[in-house]
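Participant: One structure follows; several queries about it will come next.
Nothing in this text is a laboratory measurement; each read-out follows from the coordinates by a stated rule. Computed from a predicted model, the values in this text were never measured in an experiment. Every residue, glycine among them, receives a Cβ derived from its backbone with ideal geometry; neighbour counts consider all protein chains shown.
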Amino acid sequence: MRLLGIDIGEHEVRVARADRFLGVVRVIGIERIPLPSSDALPAVLSELAGGRPAAVFTALPAASVTHRILVLPFRDRRRLARTAPLELLGQLPADVADATVAVEPLGPAPGGSTVLAVVARRADLEALAAPLAAAGLGPARIDLAPLPALNLLPAGDEDLALLLADATRSALAVRRGGRLAGLRALGAAADDPAALAAEVRWSLAALGPPPTRLVVGGPAAGPALVAALAAATRTRVEPLAAAVAVPAATDPDALAACAVALGLVAGAARRMRIGIDLGGERRAPGSLRRSAALALLALACGALDLGLVHHGLVRRDAALARAVAAEASVALPGVRLRAPRAQLEAAVAAAAGRRDRLGAAPVLEVLRELSGRVPPALALDLDELAIEPDGVLLHGRTESFDAVEALRRALASSPLLGEVTPEETRTTVDGRRVEFRLRAARRRVAGASS
């Protein structure tokens, strides 16, 4: 499936392309497309739509939203989704007209859960999605910059901060213990390294303990800004290209500029994606193809399952036929077997007239009696059946000890068998079934000669 991450900046469109197959995302390339004016945006998006991506992701700048990181006294995801918007809107100094609220759980907290709650104007979301939808690139997810760029950093418990320097839309995110701990939109312009570094310094102080390192990305992440940040924060500062595994053919400046777009597609491969969906899941171009593919896959799995069941039944029927043929060859030595079951039944009928001359019921009669006495609902796997002159031995496996007792009572009620004694009953090695061994005495037929 072709993925497309789009980050629309003030003077350029940053794009990341990737393929997703069996849950693995492979980045194809990143690109910075100049945007001389807003009028040029439809043409740029139309050209991107020519690649027919199956899913499109984009992001809204942090400066366009209001957010809070809340600790709520419960962990049920549905209760968090219902309660967090009320808590967030209750903390705002004024009502937000035409607001939409998104909630993302960040992890457990003492006595409850920590969540990120974001309120955005629906008009801002529609203004971002409208030109994409008009070009046939309706977004499947609208995230919040700079959070997707955190998907590019190695997962771990290290405390770090990520600065996205992007003209007037710079933002700072702090990660502690492997999860988001702070987010702030910055007001200083990215082309003034000293002013931006000063705002980063007091923002980090306001967001809690200082992180061990500061990663810098964005279109304005140049050496001058890195030096200014190192001097202002007295923290280890490194470019984004040095913090992630970058292919040799990738330009570090392009990687830094396209960090959000690249993080949008990279997050699709992570089980715990870092970010928040502001617009809710939408049906993207190509989603019908994906649904059809999933339906075909389910149909194929169903057909395979049916085929496996049929194959198992055929094998079991063949095994039973072989067992009947083997018993018939023993009971009817020298007889050419054409229909073993019918020939056995005929032999039993012929032997019934000779019963009075036998000391006990014939073997075929015992087999027939055993087959008729076993309860139909009993799941029985028989490993050994021995019919001896004085008794009958059964060895096999069934579902429970109660099933063994039911089998014992059923056999004991036979007029051809005497007392039925369980010699050994125990649970199988895997603990799922019960292995048993039953021995029953053969009764002598009334009026038989001694």
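Participant: Starting with the fewest neighbours, write out Met1, Met272 ranked by other beta-carbon atoms found within 10 Å of each beta-carbon.
Facilitator: Values: Met1 16, Met272 10.
With the sparsest Cβ surroundings first, the list reads Met272, Met1.
Participant: A further question follows. Please identify, among Thr250, Thr425, Thr58, the residue showing maximal mean-square fluctuation in a Gaussian network model of the chain using a 10 angstrom Cα cutoff.
Facilitator: Largest GNM mean-square fluctuation: Thr425.
Participant: Let me ask something else about it. Can you give me the distance in nm between label points at Ala350 and Leu86, each placed 7 Å from the Cα along the Cα-to-Cβ direction?
Facilitator: 8.7
Participant: Right, next: Please give me the summed charge of the neighbours of Ala257: other residues whose Cβ is under 13 Å from its Cβ, Lys and Arg +1, Asp and Glu -1.
Facilitator: Working: positive: Arg14, Arg32, Arg169; negative: Asp7, Glu10, Glu12, Glu31, Asp166, Asp251, Asp253.
Surrounding charge for Ala257 is -4.
Participant: May I pose another question? Please determine, in degrees from 0 to 90 and to the nearest 10, the orientation of helix 401-412 with respect to the longest principal axis defined by the Cα atoms of the chain, where the helix direction is its Cα long axis.
Facilitator: 20
Participant: Tabulate in residue order the Karplus-calculated ³J(HN,Hα) for the range 188-196, using 6.51 cos²θ - 1.76 cosθ + 1.60 with θ = phi - 60°, rounded to whole Hz; enter x for Gly and Pro.
Facilitator: 6, 6, 5, 7, 10, x, 5, 5, 5
Participant: With the Cα gyration tensor of the range 2-295 giving a ≥ b ≥ c as the square roots of its eigenvalues, does the rule (a/c under 1.5 for rounded; else a/b larger than b/c for prolate; else oblate) give rounded, prolate or oblate?
Facilitator: Values: a/c = 1.42, a/b = 1.09, b/c = 1.31.
Because its axes are fairly even, with a/c under 1.5, the range 2-295 counts as rounded.
Participant: If a paramagnetic tag sat 7 Å from the Cα of Glu10 along the Cα-Cβ line, which residues of the range 62-81 would have the backbone N under 18 Å from that point?
Facilitator: Zone members listed by number: 62-65.
Participant: Going by how many other beta carbons lie within 10 Å of each one, how would you line up Cys258, Cys301, fewest first?
Facilitator: Ordered by Cβ neighbours within 10 Å, fewest first: Cys301, Cys258.
Participant: Given +1 on the Cβ of Lys and Arg, -1 on the Cβ of Asp and Glu, and no further charges, what dipole in debye does the range 307-442 carry about its Cα centre, rounded to the nearest 20?
Facilitator: The dipole magnitude comes to about 500 debye.
Participant: Is the C-alpha gyration tensor of the range 307-442 telling us rounded, prolate or oblate? Criteria: a/c under 1.5 is rounded; beyond that, a/b larger than b/c is prolate, otherwise oblate.
Facilitator: Values: a/c = 2.32, a/b = 1.20, b/c = 1.93.
In terms of gyration-tensor shape, oblate.
Participant: Shape of the range 1-121 from its Cα gyration tensor (a ≥ b ≥ c, root eigenvalues): rounded if a/c is under 1.5, otherwise prolate when a/b > b/c, or oblate? Intermediate values should be presented prior to the final figure.
Facilitator: Values: a/c = 3.24, a/b = 1.67, b/c = 1.94.
The shape class here is oblate.
Participant: A further question follows. Return one number: the angle in degrees, 0 to 90 and rounded to the nearest 10, between the long axis of the Cα atoms of helix 287-331 and the longest principal axis of the Cα atoms of the chain.
Facilitator: Once rounded, the angle reads 20 degrees.
Participant: When the helices in the chain are scored as -39500 (n - 2.57) per DSSP H run of 4 or longer and the sum is shared across all residues, what 222 nm value do you end up with, to the nearest 500 deg cm²/dmol?
Facilitator: On the way: 12 runs with 161 residues, N = 450.
After summing the helix terms and dividing by residue count, I get -11500 deg cm²/dmol.
Participant: Also, quick follow-up: Hey, how many Å between the Cα centroid of the range 161-224 and the Cα centroid of the range 134-151?
Facilitator: Here the two parts' Cα centres lie 21 Å apart.
Participant: Hey, fewest Cβ within 10 Å first, where do Glu365, Glu104 land in order?
Facilitator: By the 10 Å Cβ count, ascending, the order reads Glu365, Glu104.
Participant: Another question, if that's okay. In debye, nearest 20: dipole of the chain around its Cα centre with unit charges on the Cβ of K, R (+) and D, E (-)?
Facilitator: Numbers: 54 positive and 47 negative charges, 312 e Å.
Dipole size: approximately 1500 debye.
Participant: So who's got an amide H within less than 5 Å of the one on Ile28, skipping anything under 5 residues away but keeping other chains? H placed 1.01 Å off N, in plane.
Facilitator: Under 5 Å from the amide H of Ile28 lie the amide H atoms of Arg17, Ala18, Asp19, each far enough along the sequence or on another chain.
Participant: Right, here's the next one. For the chain, modelled as a Gaussian network with Cα springs under 10 Å, which listed residue fluctuates most, Ser113, Ser37, Ser46?
Facilitator: Evaluated over the chain, the most mobile residue of the options is Ser37.
Participant: Just want the answer: with Cβ charges of +1 for Lys and Arg and -1 for Asp and Glu, which residue in Ala254, Ala379, Ala63 is farthest toward the dipole's positive end in the chain?
Facilitator: Farthest along the dipole direction, towards plus: Ala379.
Participant: Using +1 on the beta carbon of Lys and Arg, -1 on that of Asp and Glu, and nothing else charged, what's the dipole of the range 79-222 about the Cα centre, debye to 20?
Facilitator: Dipole about the Cα centre, nearest 20: 320 debye.
Participant: Another one. Using only Cα atoms, tell me the angle between helix 122-134 and the longest principal axis of the chain; keep it within 0 to 90° and round to the nearest 10.
Facilitator: Taking the Cα atoms of the chain, the angle to 122-134 is about 80 degrees.
Participant: With unit charges on the beta carbons (Lys and Arg positive, Asp and Glu negative) and the dipole taken about the Cα centre of the chain, which residue among Asn151, Ala242, Ser113 sits farthest to the positive side?
Facilitator: Ser113
Participant: Could you check which residue among Ser170, Ser38, Ser371 shows the biggest mean-square fluctuation in a GNM of the chain with a 10 Å Cα cutoff?
Facilitator: Highest fluctuation among the options: Ser371.
Participant: What is the sum of charges around Arg79, taking Lys and Arg as +1, Asp and Glu as -1, for the other residues whose C-beta is under 15 Å from the C-beta of Arg79? Kindly include the intermediate steps, with their values, before the conclusion.
Facilitator: Values: positive: Arg75, Arg77, Arg78, Arg82; negative: Asp76, Glu87, Glu104.
That works out to +1.
Participant: On full extension of the chain, what length is gained from Ala43 through Glu31, given 0.36 nm per residue of separation minus the C-alpha to C-alpha distance? Provide the component values of the computation, followed by the final result.
Facilitator: Numbers: separation 12, 0.36 × 12 = 4.32 nm, distance 1.57 nm.
Result: 2.7 nm gained on full extension.
Participant: While we're on this one: For the range 1-65, just list the percent of Cα-Cα distances falling in each 5 Å bin from zero outward, please.
Facilitator: Percent of Cα pairs in each bin: 4, 16, 26, 24, 16, 10, 4, 1.
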